1. With unit charges on the beta carbon (Lys/Arg positive, Asp/Glu negative), name the residue among F83, M94, L105 whose Cα is farthest towards the positive pole of the charge dipole of the range 1-110.
2. Answer rounded, prolate or oblate for the range 47-108, using the Cα gyration tensor with square roots of eigenvalues a ≥ b ≥ c: rounded when a/c is under 1.5, else prolate when a/b is larger than b/c, else oblate.
3. Could you tally up the Lys pairs in the range 47-123 with alpha carbons closer than 19 Å? Skip any pair fewer than 8 positions apart unless they're on separate chains.
4. How would you classify the range 1-44 from its alpha-carbon gyration tensor, with a ≥ b ≥ c the square roots of the eigenvalues: rounded for a/c under 1.5, else prolate if a/b is greater than b/c, otherwise oblate?
5. When the accessible area of the range 1-120 is split by element with a 1.4 Å probe, what percent falls to carbon and sulfur?
6. Probe of 1.4 angstrom, ligands and nucleic acids ignored: what's the accessible area per residue over the range 1-121, in square angstrom?
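The values are calculated or read from the model by the stated rules, or taken from the named source; none is laboratory data. Remember, predicted model here, so these are calculated numbers, not experimental data. Here the Cβ positions follow ideal geometry from the backbone for every residue, glycine too, while neighbour counts run over all protein chains shown. All accessible areas refer to the heavy atoms of the entire protein, side chains included, with ligands and DNA or RNA removed. Shrake-Rupley method; radii C 1.70, N 1.55, O 1.52, S 1.80 Å.
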Amino acid sequence: MNANSHIALFRRLALQLSGAVESSHMNHPDFRLNDRIFATLAYQEQGCGVLKLTLEQQAAFVTDQPHIFSPVQGGWGRMGMTFIHLNQADESIMAGALKTAYHNLEEKQSQKQSQKKSPKKSQAKSQPISKPKSTQSARPAKTTRRPLQ
């Protein structure tokens with residue numbers, strides 16, 4: 001398989017996931033669920049896709065198959081962004097990794113939806129906010145500096 005066919009396979013597998021769409025971020029293809037990115041082809045020129053994983057998943061993938069997975073350099077990698085070296089991954093590995101990233105996002109989105117439907121009321125939110133009796137600002141007045149004579 002050549003590099004273009006690995007990229008095409010990654011794209012096809014990502015788009016097979018329910019509700020996934022291809023979009024673009026910073027002129028690179030990405031794959032989204034409800035407008036949130038779970039994978040990109042930002043490094044396709046280097047033969048890599050990028051997956052949004054948890055740090056625990058990233059560590060497991062890299063430990064189990066270091067020739068296929070590696071953390072993205074810098075801060076993005078420390079947040080779980082993980083390279084998948086497309087020419088090293090077969091279809092089942094690629095599909096499994098994409099599903100993992102997709103399910104992370106799907107779960108996060110369903111948790112947010114359930115929180116919106118049944119928000120917990122705290123005492124602080126239920127008490128009325130009292131307004132200050134003074135109309136003056138709480139900040140000290142700004143002083144004007146004049147040159148010494």
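1. L105
2. On the way: a/c = 1.63, a/b = 1.11, b/c = 1.47.
Since a/c reaches 1.5 but b/c is at least a/b, the shape of the range 47-108 is classed as oblate.
3. Eligible lysine pairs with Cα atoms under 19 Å apart amount to 9.
4. Numbers: a/c = 3.16, a/b = 1.36, b/c = 2.33.
Since a/c reaches 1.5 but b/c is at least a/b, the shape of the range 1-44 is classed as oblate.
5. Numbers: 3750 of 7150 Å².
Carbon plus sulfur share of accessible area: 53 percent.
6. Working: 7340 Å² over 121 residues.
Heavy-atom SASA per residue in the range 1-121 reads 61 Å².
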